[in-house]
Amino acid sequence: MKNVLVLFGGCSSEHDVSVVSAASVIKNINPEKYNIYMIGITKDGKWYLYEGPVDALPEDKWLEAGKLSKATVSPDHGVHGITIVRETGVEDVRIDVAFPVLHGKNGEDGTIQGLFQLAGIPYVGCDMTSSAISMDKILTNTVADQNGIAQAKWDYITKYEYEKGVKTLSSIADKLGYPIFVKPANAGSSVGISKAHNAEELEAALKLALLHDTRILFEEFIDGYEVECAVLGNDELITGVVGQITPANEFYDYDAKYSNAASILNIPALVSEEARDAVAKQAVKTFNALGCSGFSRVDFFVTKADGRVLFNEINTIPGFTNISMYPKMIEAAGISYSELCDRLITLAEEKWG
């Protein structure tokens, strides 16, 4: 049997989502094919091998529910795995494939991917470069523009530019018009994102976003339907059934994604078949343009006025909770959650083996 390492938690605003996603992933990895090792990363950055019930992962109950041993991924190719510090001594365990279930910073931004590449361990998902570019919304938009992928008008500002008056919010508002979405360049799950309707709200939104990053993205408001597409594969790609979110809140913020059951998920999306086909095509184009592999969820708008498909963002480690869109869209295409996990592990071996 092959050894699979699942990492969860992490120093990220999405820590609480990660532990729920990881529990779902672990429950759906075939125990007859794989030995699963679980390493949890606390909110303050401590790494532990966790040996206990999977159901204790949510709400960080795992910190009290099972045996914890200090552990880390070794960058030494000779180890090709993890080093565990037990009471009886130090133990090295070879890992065949790593499955990082780490959303947001320090997990989805190329950092953990770089460690696996140093260690020579195959891992699920996008490589270090594509992860880093896809996590940074400003870089992502730049790549999209260069590849002719239609998207909303956008601009950005740095903390330095704002504080020194090199660039002004009024010039951005003149370019984009109100309302304006304000987003930290590097944050996931809509953390730190606001919708500004006027100059006062725009400045407040910027200050909120600056709590999460020093580079801030501004996007024009698009009156459209929010749709999503799951992409799976390395070179030969397949897509799930395109889905649609009807947010419980004014837009699909963190609370609407993970806390508020009133948000409605429609699979297939409530747009025309032609629009769904266009979304799937653009999702594959975006996935390839950013150099992605393994899996990603690519989000779009379909405009209400004329049905244009506009790229919104990409998530290289999308949510894998029981209410998350990625596994649901793939399942609608005929691939069960368990089969999805198996395919992702196989894709990792094919890419890095």
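So for region 100-110 (the condition being modelled with pLDDT of 95 or more and surrounded by fewer than 22 Cβ atoms within 10 Å (Cβ to Cβ)), does at least one residue qualify? Within region 100-110, none of the residues are modelled with pLDDT of 95 or more and surrounded by fewer than 22 Cβ atoms within 10 Å (Cβ to Cβ).
Reported count of residues in region 300-323, each being outside any strand (DSSP E or B), under 15 Å from VAL242 (Cβ atoms) and under 21 Å from the mean Cα position of the chain (by Cα), is 1. Residues in region 85-99 that are open to solvent by 50 Å² or more (accessible area, probe 1.4 Å) and among the aliphatic types (A, V, I, L, M): VAL85, VAL90. Scanning region 277-294 for residues that are open to solvent by less than 20 Å² (accessible area, probe 1.4 Å) and either within 15 Å of VAL143 (Cβ to Cβ) or not hydrophobic (A, V, I, L, M, F, W, C) (or both) gives ALA283, THR286, PHE287, LEU290, CYS292, SER293, GLY294. Of the residues making up region 85-131, those that are assigned to a strand (DSSP E or B) and in contact with a helix residue (DSSP H, G or I) (Cβ under 6 Å, 6 or more places away or on another chain) are VAL97, ALA98, PRO100, VAL101, TYR123. For residues that are under 17 Å from ASN266 (Cα atoms) and in a loop (DSSP other than H, G, I, E, B), scanning just region 324-349, find the one that is least open to solvent (accessible area, probe 1.4 Å). Of everything passing the filter in region 324-349, SER324 is least open to solvent (accessible area, probe 1.4 Å).
Consider LYS153 carefully, then state whether it is open to solvent by 40 Å² or more (accessible area, probe 1.4 Å), in contact with an Asp or Glu (Cβ under 7 Å, 6 or more places away or on another chain) and at negative phi. Walk me through how you get there before you give the answer.
Values: open to solvent by 40 Å² or more (accessible area, probe 1.4 Å): yes; in contact with an Asp or Glu (Cβ under 7 Å, 6 or more places away or on another chain): yes; at negative phi: yes.
In short, yes.
Pairing each residue of region 184-210 that is of a type in the set (D, E, K, R) with any residue that is modelled with pLDDT of 95 or more, provided the two are 6+ apart or on different chains, yields C-beta distances under 7 Å for LYS195/PRO179; LYS195/PHE181; GLU203/LEU169.
Highlighted here are the helices (runs of 4 or more DSSP H) found entirely within region 164-271 that include at least 1 residues which are at pLDDT 95 or above and either open to solvent by less than 20 Å² (accessible area, probe 1.4 Å) or in contact with a Pro (Cβ under 9 Å, 6 or more places away or on another chain) (or both): 169-176, 199-209.
Within region 67-84, the set of residues being loosely packed, with under 13 Cβ neighbours inside 10 Å and more than 28 Å from the chain's Cα centre (by Cα) comprises LYS67, GLY78.
The values are calculated or read from the model by the stated rules, or taken from the named source; none is laboratory data. Quick caveat, the model's predicted, so the values are computed rather than measured. Positions of Cβ are backbone-derived with ideal geometry, glycine not excepted, and every protein chain shown enters the neighbour counts. With ligands, DNA and RNA removed, areas are computed over all heavy atoms of the protein, side chains included. Shrake-Rupley method; radii C 1.70, N 1.55, O 1.52, S 1.80 Å.
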